[in-house]
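Read the figures in this text as sums done on the coordinates, not as results from a lab. Source: prediction; values computed, not measured. Using ideal geometry, Cβ is built from the backbone for each residue, glycine included, and neighbour counts are taken over all protein chains shown.
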Amino acid sequence: MMSIRSLAGACLSAFAALGAFAVPASAQNYPTRTITMIVPFAAGGPTDVISRIVTAHIAQTLGQSIVIENVVGAGGTTATTRAARAANDGYTLVTGHMGTHAASVPLYPKLAYHPEKDFEPVALLAGTPILILARKDFPPKDLKEFIAYVKANAEKVNAAHAGIGSVSHASCELLNSILDIKPVGVPFNGTGPAMNALVAGQVDYMCDQIVNAVPQINAGTIKAYAVATPERNPSLPNVPTTTEAGLPAFQAQAWNAIFAPKGTSPAIIATLNAAAIKALDDENVRKRLLELGSVIPASANRTPEALATLVKNEIAKWTPVLKPAT
Ligand code: ASP
């Protein structure tokens, strides 16, 4: 007969043996096939551009290709819902951002996912300062004139955005509430197409992530009134901060990050996080991100835990700002 003690010992070693096999074979070999990265906005916009720059390097590290799938609609929430419901096997990921994983919470009372409960954070990719932009021939010359003009013409002006809950929508809601105006919103499937409309003079102004704006500002095809961060951005040394330009209350910086469906194995998350960190340390990846004005996260902000904290804090930050707007 087995004594209680040896029975306990046998159970323990059985558990230990189980533990050794707890990582499924699929996670141990991961990845063995193409990964799909869902981008919740149109191709050519800021989330798409950042995602492509970083995932190209991650794919090299992992030795498998990563296919970008642009799934548009409802300010990025359609795609993010799809990602939340995807198999949690590491083969479907999403590049979410301040909109899909924070601003959408107060704006969509029936949001089909919760950014904290339905995803495993993988890695923060880039911070993206927000700029106040306008079509080239919009009359105001600087931010002070812009403020006076949009207040005086509140019924006439319109603002492009990438759908309710997108970064461009949420950050301009903040701007508009500071200025106490309610312009007509013109929604697009991403700020890629919204930027085309701004360049073509079809819409008046837009709050957009820097990555989408630097090439156009440098080409002189749009106006930039201010960057909504405490410091000027090195990629746009001539664009004043909102504080310098007379609107210190408007501060906004977005961010883009990789998420996996809830329950994706810790081993897969660790593999993806390590590959993302490697990408962020690569000279060419850094160069491309910095040229476009991105803020590359410091080491301490690159862990899944740091991203979880960011999501929590951003939901808390944006909820009171956006709740009255609904
Ligand atoms: N990030 C979006 C895009 O890539 C736009 C937005 O959220 O404003 O188009």
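Computed from point charges on the beta carbon alone (+1 for Lys and Arg, -1 for Asp and Glu), the dipole magnitude for the chain about its Cα centre is near 320 Debye.
Projecting label points 7 angstrom from Cα along Cα→Cβ for residue 184 and residue 281 puts them 5.2 nm apart.
Can you classify the chain as rounded, prolate or oblate using the Cα gyration tensor, where a ≥ b ≥ c are the square roots of its eigenvalues, rounded means a/c under 1.5, and otherwise it's prolate if a/b beats b/c and oblate if not? It comes out prolate by the Cα gyration axes.
With 10 Å bins beginning at zero, the pair-distance distribution over Cα atoms of the range 72-124 amounts to 25, 61, 13 %. Shape summary of the range 17-164, radius of gyration then Dmax from alpha carbon positions: 20.0, 73 Å. The overall shape of the range 263-326 is oblate: from the C-alpha gyration tensor, with semi-axes ordered a ≥ b ≥ c, the ratio a/c is 1.5 or greater and a/b is no larger than b/c. Taken one residue at a time, the phi angles of the range 47-52 give Karplus couplings (6.51, -1.76, 1.60, θ = phi - 60°) of 5, 5, 5, 4, 4, 5 Hz. Gly and Pro are set to x. Prolate is the label for the range 117-226, because a/c, from the alpha-carbon gyration tensor with a ≥ b ≥ c as root eigenvalues, is 1.5 or above and a/b exceeds b/c. Converting phi to 3J(HN,Hα) with the Karplus coefficients 6.51, -1.76 and 1.60 and the offset θ = phi - 60°, the range 242-257 yields 4, 5, 4, 8, x, 9, x, 5, 8, 10, 7, 9, 8, 7, 10, 8 Hz in sequence order, with x at every glycine or proline. Remark on residue 126: its backbone amide H falls under 5 Å from those of 256, a criterion applied only to residues 5 or more positions apart or on other chains, H modelled at 1.01 Å from N.
Three principal axis extents of the range 182-296 based on alpha-carbon atoms, in descending order, are 47, 30, 29 Å.
Cα centroid separation, the range 300-322 to the range 35-111: 17 Å.
Would you please state which residues of the range 29-53 a label at residue 69 would reach in this model, taking the label point 7 Å out along Cα→Cβ and a backbone N cut-off of under 11 Å? Only 35-39 fall inside the zone, counting backbone N under 11 Å.
Couplings for the range 175-190, taken from phi via the Karplus curve 6.51 cos²θ - 1.76 cosθ + 1.60 with θ = phi - 60°, read 4, 5, 6, 5, 7, 6, 10, 10, x, 6, x, 10, x, 10, 7, x Hz in order; Gly and Pro are left as x.
An ellipsoid equivalent to the range 117-170, defined through the eigenvalues of its Cα gyration tensor, has semi-axes of 32, 14, 9 Å when rounded to whole angstrom and sorted largest first. Annotation: the antiparallel percentage among DSSP beta bridges lying fully within the chain is about 60.
In the elastic network of the chain, a GNM with C-alpha springs shorter than 10 Å, the most mobile of 38, 178, 50 is 178. Residues within the reach of a label modelled at residue 32 (point 7 angstrom out along Cα to beta-carbon, backbone nitrogen below 15 Å), restricted to the range 78-105, are 89-91. Note on residue 231 and residue 110: the model spin-label points, each 7 Å out from Cα along the C-beta direction, lie 4.6 nm apart.
For the pair residue 142 and residue 291, label points projected 7 Å from Cα toward Cβ lie 3.2 nm apart.
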